[in-house]
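The values are calculated or read from the model by the stated rules, or taken from the named source; none is laboratory data. Treat the numbers as computed from the prediction; the structure is a model and nothing was measured. Virtual Cβ from ideal backbone geometry, glycine too; neighbours counted across all protein chains shown. Surface accessibility is based on the protein's heavy atoms, side chains included, excluding ligands, DNA and RNA. Shrake-Rupley method; radii C 1.70, N 1.55, O 1.52, S 1.80 Å.
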Amino acid sequence: MYEQLKNTLTALLREAPAVPLYKQNLDKPLDTGCGYLAASLGRLGELRSLSAYHAQHGWMVVNTLPPFPADKYFEPEFVRQYRRAQADLEGPGFGLFPWGEVKDLTYSWLGGCVPLVQGEVDGVRLTAGSWAQGPEAPALFQVLLWENATDEVKSVAFHFSAAAGLSRAAYGQLTEGGPIPLPAPEPRFCWEAAGTFLLQDRALPGELRGRLWGDAPQQLVERADRREVYRATLQPGENKIAVACYQLAEAVQPLELGPEHLLASLRAKLDSFPASLVQRAKEDPWAYVIMRNLDYILSCCTVQLDDWACVLTDHQLLPLSWNRDAYYQLRLLREYYTAYQAELTPAQRRRIRTICRGHLRWLFGRAERTPFWARSHLATGARKDASFQLDQQCYPLLELAEHHQSFGDAALVRELTPQAEKLVGELLKLAEPGSLLLPTEETPADDALDLPYHFSSQILWLRALEALDYLREACCGPKPKFAALRRRLQAEIRRTFAAELHNRRLFAYAVDRRGEKLFYHDANDLPTVLGPEWGFCHPQDELWQNTMEFAFSPANQGGFYPGKFGGLGSIHTPHPWPLGDVQLLILARATGDAALRQRVLHKLLVLLQADGLLPEAVSAATGQVASRHWFSWPGAALALELLKLHGKDENHN
């Protein structure tokens, strides 16, 4: 029964392109998923977490950490500590993993999207791989494959462990906008048979069902609480396999499993990702960055259900949706689609279009508005933090216009444009008489702002009006009606925010109507550096150039952090942010500064995590991760910039 499975799987492992990790020294768990369900894996391929969509609570998670304490939500240092524990590779894991010392560990991405761990156990070659299927019948598969190429009989052992807890995602934030209390746990666990367990929490409700099969798990040598240990004997030249299947849902419907199902699932996963990008990533580190950030968004951040799709900022630390983050994540999908459409299969093109279309339906049809979007939302669409952020209202208009530019989809755009017009009408009501500037309660860093008018959000507001004019003209017939208003707004922004600091004219970060001004710039303020690209100003504009020079200097107190790996950061997390380096990369492109571009690219290569993702913040002294190993936005923004900087056929090592 298993010979064909082992032979076919071995052939796939040898024939499918595999891309080594950018750094073989693993610095965070590796991630895989199907959007609806996501997993993070440790050094030996063990599960560090398994999480999935929940129709009531948004996101549920299985891991070995204690539940987040209800009295710690407003303690940022505890939140940081809890996040570090989620990235820890030394603590206990669960699931299927080898027992004993594994030597010569190497890591790679099979087909660009399946994490592989390979090594040697007492002369036996070991391969551990994990992938997910879905969104239909979502499940995660773990495979251990042993190959005994010696002339001796060998014995191998492995764990099948359910030593973990099931709960709702914690949603702990550094700038907590109002915690959602965790349900009181009602855990239940049982072994239904050898190699089959059920872990439940009836308070959610939710359950994790795990099942082990293959020709390796034949001798159960130990069962202790929630852990089984198996031993297998391999004759000279013999291969053996162990497969674990996990289903995590509110109520699991067990899958019919077999070798054909497993192989079909793996082939479908490999076929879902662009092969041409995988080939380029084997030679080009920047193609590797694009590959990994594209896959992370598709596999771990995109929850598809029915005709909608929610895009999470990450699956692990904050599985919530911010319109701001989602705009850049989906912009990467759209721009990759546009640049490489000819190299994508019909199914790959359809997948990207469906996700982008589904997110617009989620934004305008499922996410709660009153009439404005909240700071963040659960995957269900429910409001998490009610604070009003101006930029969160503007990004969806850009997304809708760019969706039409990339895909057409005129019927959907015609359907949603009236809602966009109504939203703009509500926003205009927030302006004071005689002004077009709009206030905000918080900055794009989720920090409270004492002065109501925020510079980069006004640039975005101007861009949003341009997007609405485009939508009206392209899809709905009437000619643009905001052209004169946009000219007035642009002039008012320049007039209101222009100020003098240290004998230089530049744009203030925030102002009020009484003449108070704040001088600062934040890694989250991408619209400012995108000003020339978005038509707000010319790259040679003196005020804009002085603003950018200030941003990347020690004069930007609380925003710029000097050091060997210093740069633009945020008072939100007081360290340099790779997102600030992405801003510097955009600045280099806008001003044609090739030397600056090369310096920034070199720095970013050092800051990259082994899996190609960027963290939120790093130490200015060492470049090591200082905050948040999982954060999709900066990696997506970097990948977008790489697509702009390099032609798709260029070698850009």
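For Gln540, are the conditions met, namely being farther than 30 Å from Gly172 by Cβ and crowded, with 18+ Cβ neighbours inside 10 Å? So that I can check it myself, show each step before the final result.
Numbers: farther than 30 Å from Gly172 by Cβ: yes; crowded, with 18+ Cβ neighbours inside 10 Å: no.
Criteria not met by Gln540.
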Does segment 113-126 include one or more residues that are surrounded by fewer than 21 Cβ atoms within 10 Å (Cβ to Cβ), polar (S, T, N, Q) and out of contact with any Ser or Thr (no Cβ under 7 Å at 6 or more places or on another chain)?
no
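Which residues, counting only those in segment 386-408, are among the charged types (D, E, K, R) and touching a His at 6+ places or on another chain (Cβ under 9 Å)?
Asp391, Glu399
So, Leu50, is that one in a strand (DSSP E or B) and in contact (Cβ under 8 Å) with a residue 12 or more places away in the chain or not?
In short, yes.
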Select from segment 81-100 the residues that are touching a Ser or Thr at 6+ places or on another chain (Cβ under 9 Å) and part of a loop (DSSP other than H, G, I, E, B) and write down the one among them that is farthest from Ser161 (Cα to Cα).
Gly91
Taking Asp306, is it open to solvent by less than 10 Å² (accessible area, probe 1.4 Å), out of contact with any strand residue (DSSP E or B) (no Cβ under 6 Å at 6 or more places or on another chain) and among the charged types (D, E, K, R)?
no
Criterion first (at pLDDT 95 or above, open to solvent by less than 50 Å² (accessible area, probe 1.4 Å) and basic (Lys, Arg)) does Arg168 satisfy it?
yes
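What's the total number of residues in segment 514-543 that are of a type outside the set (Ser, Thr, Tyr) and touching a Ser or Thr at 6+ places or on another chain (Cβ under 8 Å)? Steps first, answer last, please.
If we filter segment 514-543 for residues that are of a type outside the set (Ser, Thr, Tyr), which is where we start, we get 514-519, 521-527, 529-543.
This time we only want the ones that are touching a Ser or Thr at 6+ places or on another chain (Cβ under 8 Å), so: 521-527, 539.
Adding up the residues that qualify gives 8.
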Select from segment 439-452 the residues that are under 20 Å from Ile493 (Cα atoms) and surrounded by fewer than 23 Cβ atoms within 10 Å (Cβ to Cβ) and list them in ascending order.
Pro439, Glu441, Glu442, Leu449, Asp450, Leu451, Pro452
Just to confirm my filter: which helices (runs of 4 or more DSSP H) fall fully inside segment 568-653 and include at least 2 residues that are free of Cβ contacts under 8 Å to residues at least 24 places away in the same chain and not aliphatic (A, V, I, L, M)?
594-607
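Name the residues in segment 1-47 that are hydroxyl-bearing (Ser, Thr, Tyr) and part of a strand (DSSP E or B), would you?
Pass one, segment 1-47, residues hydroxyl-bearing (Ser, Thr, Tyr): 2, 8, 10, 22, 32, 36, 40.
Of everything in segment 1-47, those that are hydroxyl-bearing (Ser, Thr, Tyr) and part of a strand (DSSP E or B) turn out to be Thr32, Ser40.
I'd like the full set of residues that are outside any loop (DSSP other than H, G, I, E, B), farther than 21 Å from Ala448 by Cα and not aliphatic (A, V, I, L, M), limited to segment 497-514.
Within segment 497-514, the first condition is being outside any loop (DSSP other than H, G, I, E, B), and the residues that meet it are 497-501, 504-507, 510-511.
Narrowing the set further to residues that are farther than 21 Å from Ala448 by Cα leaves 498-501, 504-506.
Glu500, Arg504, Arg505 - these are the residues of segment 497-514 that are outside any loop (DSSP other than H, G, I, E, B), farther than 21 Å from Ala448 by Cα and not aliphatic (A, V, I, L, M).
Which residue, of Leu270, Leu263, Leu174, is in contact (Cβ under 8 Å) with a residue 24 or more places away in the chain and within 30 Å of Ser155 (Cβ to Cβ)? Lay out the reasoning, then the answer.
Numbers: Leu270 fails: within 30 Å of Ser155 (Cβ to Cβ); Leu174 fails: within 30 Å of Ser155 (Cβ to Cβ).
Of the residues listed, the single one that is in contact (Cβ under 8 Å) with a residue 24 or more places away in the chain and within 30 Å of Ser155 (Cβ to Cβ) is Leu263.
Scan segment 528-547 for residues that are among the hydrophobic types (A, V, I, L, M, F, W, C) and free of Cβ contacts under 8 Å to residues at least 60 places away in the same chain and jot them down.
Step one: of segment 528-547, the residues among the hydrophobic types (A, V, I, L, M, F, W, C) are 529-530, 534, 536-537, 543-544.
Matches in segment 528-547: Cys537, Leu543, Trp544.
Does Thr64 count as more than 20 Å from the chain's Cα centre (by Cα), under 25 Å from Leu266 (Cα atoms) and of a type in the set (S, T, N, Q)? Talk me through it step by step, then tell me what you get.
Numbers: more than 20 Å from the chain's Cα centre (by Cα): yes; under 25 Å from Leu266 (Cα atoms): no; of a type in the set (S, T, N, Q): yes.
Here the answer is no, as Thr64 does not meet what is asked.
Take the conditions assigned to a loop (DSSP other than H, G, I, E, B), open to solvent by 20 Å² or more (accessible area, probe 1.4 Å), more than 27 Å from Glu176 (Cβ to Cβ) and at pLDDT 95 or above and apply them to Leu105. Does it pass?
Criteria not met by Leu105.
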Restricting to segment 499-522, count the residues that are in contact with a Lys or Arg (Cβ under 6 Å, 6 or more places away or on another chain) and either of a type in the set (Gly, Ala, Ser) or open to solvent by 20 Å² or more (accessible area, probe 1.4 Å) (or both).
2
Suppose we filter Ala431, Ala445, Ala474, Ala382 for residues that are farther than 26 Å from Cys310 by Cβ, out of contact with any helix residue (DSSP H, G or I) (no Cβ under 9 Å at 6 or more places or on another chain) and of a type outside the set (Asp, Glu); which single one remains?
Ala431
Pairs where the first residue, in segment 325-352, is more than 20 Å from Leu400 (Cβ to Cβ) and the second is open to solvent by 50 Å² or more (accessible area, probe 1.4 Å) and among the charged types (D, E, K, R), C-beta under 6 Å, 6+ apart
Ala339/Lys648
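Might you check whether a residue that is of a type outside the set (Val, Ile, Thr), in contact with a Phe, Trp or Tyr (Cβ under 6 Å, 6 or more places away or on another chain), surrounded by fewer than 17 Cβ atoms within 10 Å (Cβ to Cβ) and over 21 Å from Thr338 (Cβ atoms) occurs anywhere in segment 470-481? Spell out how you get there, then give the answer.
Just the residues of segment 470-481 that are of a type outside the set (Val, Ile, Thr), to begin with: 470-481.
Right, trim to in contact with a Phe, Trp or Tyr (Cβ under 6 Å, 6 or more places away or on another chain) and you get none.
No; the residues of segment 470-481 include none that is of a type outside the set (Val, Ile, Thr), in contact with a Phe, Trp or Tyr (Cβ under 6 Å, 6 or more places away or on another chain), surrounded by fewer than 17 Cβ atoms within 10 Å (Cβ to Cβ) and over 21 Å from Thr338 (Cβ atoms).
Before we move on, is Pro17 over 20 Å from the mean Cα position of the chain (by Cα), within 24 Å of Ala379 (Cβ to Cβ), in contact (Cβ under 8 Å) with a residue 60 or more places away in the chain and open to solvent by 20 Å² or more (accessible area, probe 1.4 Å)?
Values: over 20 Å from the mean Cα position of the chain (by Cα): yes; within 24 Å of Ala379 (Cβ to Cβ): no; in contact (Cβ under 8 Å) with a residue 60 or more places away in the chain: yes; open to solvent by 20 Å² or more (accessible area, probe 1.4 Å): yes.
Judged against the criteria, Pro17 is not a match.
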Taking the residues in segment 320-336 that are open to solvent by less than 10 Å² (accessible area, probe 1.4 Å) and out of contact with any strand residue (DSSP E or B) (no Cβ under 8 Å at 6 or more places or on another chain) as candidates, determine which candidate is nearest to Glu368 (Cα to Cα).
Arg324
In segment 390-413, the residues that are under 15 Å from Tyr327 (Cα atoms) and either under 18 Å from the mean Cα position of the chain (by Cα) or of a type outside the set (A, V, I, L, M) (or both)
Asp391, Gln392, Gln393, Cys394, Tyr395, Pro396, Glu399, Glu402, His403, His404, Gln405, Ser406
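Please verify whether Phe78 is open to solvent by 30 Å² or more (accessible area, probe 1.4 Å) and either within 24 Å of Val229 (Cα to Cα) or part of a loop (DSSP other than H, G, I, E, B) (or both), treating the condition exactly as stated.
Working: open to solvent by 30 Å² or more (accessible area, probe 1.4 Å): yes; either within 24 Å of Val229 (Cα to Cα) or part of a loop (DSSP other than H, G, I, E, B) (or both): no.
Taking the combined requirement at face value, the residue does not satisfy it.
Anything in segment 193-210 that is of a type in the set (A, V, I, L, M) and in a strand (DSSP E or B)? List them, or say none. Spell out the reasoning first.
First, pick out the residues of segment 193-210 that are of a type in the set (A, V, I, L, M): 193-194, 198-199, 203-204, 208.
Selection gives Ala193, Leu198, Leu199, Leu208.
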If Ser376 meets every condition in (1) open to solvent by 10 Å² or more (accessible area, probe 1.4 Å); (2) closer than 25 Å to Cys300 by Cα apart from one, which number is that one?
(1)
Among the residues in segment 167-187, are any over 26 Å from the mean Cα position of the chain (by Cα), on the phi < 0 side of the Ramachandran plot and assigned to a strand (DSSP E or B)?
yes
